[in-house]
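The structure appears below as structure tokens.
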Amino acid sequence: MNTFYIILNVAVLLLLMFGLYLLQKKNVSFSKRVFVGLGLGLIFGYIIHLIYGTDHEVTVGTIDWFSIVGSGYVKLLQMIVMPLVFISIVGAFTKLKLTKNIGKISFLVIGLLLGTTAISAAIGIGTALGFGLDGIELQDRVVAVENMTIPKQILELFPSNPFLDLTGARATSTIAVVIFAAFVGIAYLGVKRKDPEHAEFFSKIIDTLYAITMRVVTLILRLTPYGILAIITKVAATSDYDAIVKLGKFVVASYVALILVFIVHLLLLSFAKLSPLHYVKKGLPTLTFAFTSRTSAGTLPMTIKTQTKDFGVSEGIANFAGSFGLSIGQNGCAGVYPAMLAVMVAPAAGVDPTSISFIISLILIVAISSFGVAGVGGGATFAALIVLSVMNLPIAIVGLLISVEPLIDMGRTALNVSGAMTSGILTSKATGEFENEVYQQPNVVEA
């Protein structure tokens, strides 16, 4: 009988997907189809949860089949991430306009990412103290952690085998690919000065590869409404609602902090004389996908495309901001989360979380440790473990909060992507490589 219900659920999903296809045929906008998929997924997933529960055989079997659509879509995006990162960074060097400001652009992108991460840490500290989370009682949970010193972490960023890193084999593979691509780009600049003919030939190859890669990205992005439908159905059907209620104070505090950091992004855009409303409207489909999929790397194709097509950011800067944003200064995973946990466990270690020395030290350590950690799966957990271990604080809380990790990670990932896009926009604006008329256009370019 359970098999019948599983087949019935799969049939309902296929019916909902067909409904999204009909909306596409009627030329309903991409962003509206994304939100319809999100809404249908929430409703359908919660119905499955109410009828069968989280661990029922029907729920487990149903989600297995749904994963073909949801997880399959994410895998397709992950498939193109490493080629896109490599080609994007090298392509940034081959674009003549960008090479004139390469140092300034790199400095601005990384500076904005780290600066907003430091602000995120400060907001995380303030929110944790404001909600009284520094008085939390820790349960006895064991969490395995390596001796993650900052020097060792920095050493792990360097690529000893770039071909291995192109497979994503290491936790720091993304930043390693960025570093390798940067070396290739710098070598191109040297060849361009000494042998322009070979440099021009190489540039044409990179431009061709970039065009093909972006075409693959476009093909995959067309599947977004269907992918979000399946992904959010799984989230709604399998969420541990009892744990969410039990740790509700921490969940609410986390989202308050994440929203405050997002407001900081909007304020930075306002200071640059850009409309926050346009940013929200045009960036919402990308942020929604980041929210539901919980993968900054998987969102990279949309992050780059949204910056260039919707916000008017130059291709080179969009590539830099999107690629660096995967592994440096992720505001949610490497900024807010570790800072909040540090405040929560500080009293258990006999440390006053309100002392100025503790707060300054924590902000600096959070910013430094954000290099090369947050871009991987479970990046927030690794970032938290590093920050807590460097500050000699208990790490048991990481295990305590694992039950609500998926729910919080949704907001963290969306904030990570917002931070990357904001840094790209502001850098493009500061260097004069920004198309203001594209940003001001009210319409959202379709995928």
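Structure values in brief
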read-out	value
Prolate/oblate/rounded call for the chain, Cα gyration tensor, a/c under 1.5 rounded	oblate
Out-of-range pairs (alpha-carbon distance over 26 Å; input 192/282; 152/429; 273/309; 32/249)	192/282; 152/429; 32/249
Sorted peptide list for 408-418, 212-222, criterion being average Cβ within 10 angstrom, highest first	408-418, 212-222
Cα-based shape type of the stretch 214-302, given that a ≥ b ≥ c are square roots of the gyration tensor eigenvalues and the cut on a/c is 1.5	oblate
Accessible surface of residue 270 - all protein chains present, 1.4 Å probe, nearest 10 Å²	50
Per residue solvent-accessible surface (Å²) - the chain, probe of 1.4 Å	43
Global form of the stretch 255-368, assessed from the alpha-carbon gyration tensor, a/c cut-off 1.5	prolate
Förster radius 25 Å - calculated FRET efficiency between residue 435 and residue 259, Cβ distance, rounded to 0.05	0.30
Mean separation of Cα contacts under 8 Å, 6 or more apart, over the residue count of the chain: relative contact order %	29
In Hz, Karplus ³J(HN,Hα) per residue of the stretch 58-64 (6.51, -1.76, 1.60; θ = phi - 60°; x = Gly, Pro)	5, 4, 4, x, 5, 5, 4
Heavy-atom accessible area order for 197, 405, 437, 156, largest first, 1.4 Å probe	197, 437, 156, 405
The chain - mean residue ellipticity at 222 nm from DSSP helices (-39,500 (n - 2.57) per run, n ≥ 4, rounded to 500)	-24500 deg cm²/dmol
Surface share of carbon and sulfur [accessible, 1.4 angstrom probe, percent] for the chain	67
Rounded Å value of the spacing that divides the Cα centres of the stretch 287-345 and the stretch 8-61	26
Average projected area [Cα convex hull, the stretch 277-435], square nanometres	9.6
Per residue, the convex hull volume that the Cα atoms of the stretch 33-114 enclose (Å³)	161
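The values are calculated or read from the model by the stated rules, or taken from the named source; none is laboratory data. Computed from a predicted model, the values in this text were never measured in an experiment. Backbone-built Cβ (ideal geometry, glycine too); neighbour counts: all protein chains shown. For the accessible areas, the whole protein counts, side chains as well, though only heavy atoms, and no ligand, DNA or RNA atoms are used. Shrake-Rupley method; radii C 1.70, N 1.55, O 1.52, S 1.80 Å.
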